[in-house]
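Structure record follows, encoded as structure tokens.
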Amino acid sequence: MDLNDLDERLKADCENCAALCCVALAFDKSNVFPFDKEAGEPCRNLETCGTCRIHSSLSTNGYMGCVQFHCHGAGPAVTQELFSGSSWQNQPHLLRPMMEAFWVFLRLQEQVLLLRHAANLPLPDGKQKELHALLEELCPQDGWSWDEYQNLDLAKVSSQVKDWLASLREVLAQP
């Protein structure tokens with residue numbers, strides 16, 4: 001996978017998302033959120049058109065948690081790839097499956113981000129090949145299909161990424 005394509009995949013793109021972070025994530029009233037919100041409950045600042053009413057002033061309105069959050073492309077991947085651009089906002093029956101997929105893709109995209117950082121290291125050819133194989137598994141060339149998503153074993157993939165990253169210690173420690 002080309003690293004420029006990977007960088008694109010890791011970008012948050014609210015225009016191509018169904019405001020999944022604004023509905024799927026829960027938060028507690030704190031110094032970074034001004035009220036409690038349950039998972040599945042749309043944020044009170046989410047407009048019916050799917051945009052945040054206070055997006056330009058999140059930090060001054062007490063929403064530093066929103067400012068600091070980054071989905072690393074999980075929202076657009078779920079909305080555009082798995083649900084072909086559909087949204088829970090106009091098809092309420094999609095809320096639960098979209099939220100569940102978003103939670104999975106948050107973890108998946110974190111794995112991709114770790115591998116993206118590893119791609120900047122001076123890796124020997126063998127490790128480069130292993131890296132690209134992992135990235136191909138995590139970033140299907142034609143995007144995620146529903147079947148691929150259903151067959152994803154996130155715990156196994158996360159373990160493979162963790163083990164591969166740990167294996168870099170001995171490779172990078174060699175003179």
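The values are calculated or read from the model by the stated rules, or taken from the named source; none is laboratory data. From a predicted model like this one, the values you see are computed outputs, not experimental measurements. Cβ sites come from the backbone with ideal geometry, for glycine too, and all protein chains shown count toward neighbours.
Numerical summary
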read-out: Cβ-Cβ under 7 Å pairs, at least 6 apart or on other chains, region 92-112 side under 12 Å from V78 (Cα atoms), far side surrounded by fewer than 17 Cβ atoms within 10 Å (Cβ to Cβ) and among the polar types (S, T, N, Q); value: L94/S86
read-out: Matching residues in region 118-175 - criterion: being of a type in the set (D, E, K, R) and more than 19 Å from G73 (Cβ to Cβ); value: D125, K127, K129, E130, D147, D153, K156, K162, D163, R169, E170
read-out: For L134: the one exception among (1) over 17 Å from L25 (Cβ atoms); (2) at pLDDT below 95; value: (2)
read-out: Breaking point among (1) more than 15 Å from the chain's Cα centre (by Cα); (2) touching a residue at least 40 places away in the same chain (Cβ under 8 Å), for E47; value: (2)
read-out: Hits in region 155-165 (condition: surrounded by 14 or more Cβ atoms within 10 Å (Cβ to Cβ) and either more than 26 Å from P97 (Cβ to Cβ) or of a type in the set (A, V, I, L, M, F, W, C) (or both)); value: V157, V161, W164, L165
read-out: Pick from region 139-150, criterion surrounded by 13 or more Cβ atoms within 10 Å (Cβ to Cβ) and of a type outside the set (A, V, I, L, M, F, W, C), ranking: nearest to S84 (Cα to Cα); value: G143
read-out: Any hit, region 166-173, residues being at pLDDT 95 or above, over 30 Å from Q89 (Cβ atoms), more than 19 Å from the chain's Cα centre (by Cα) and buried (at least 16 other Cβ atoms within 10 Å of the Cβ); value: no
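One line per residue, one yes/no per condition, for (1) β-branched (V, I, T); (2) in contact with a helix residue (DSSP H, G or I) (Cβ under 7 Å, 6 or more places away or on another chain):
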| position | (1), (2) |
| --- | --- |
| S56 | no, no |
| G62 | no, no |
| V78 | yes, yes |
| F83 | no, yes |
| S86 | no, yes |
| Q91 | no, no |
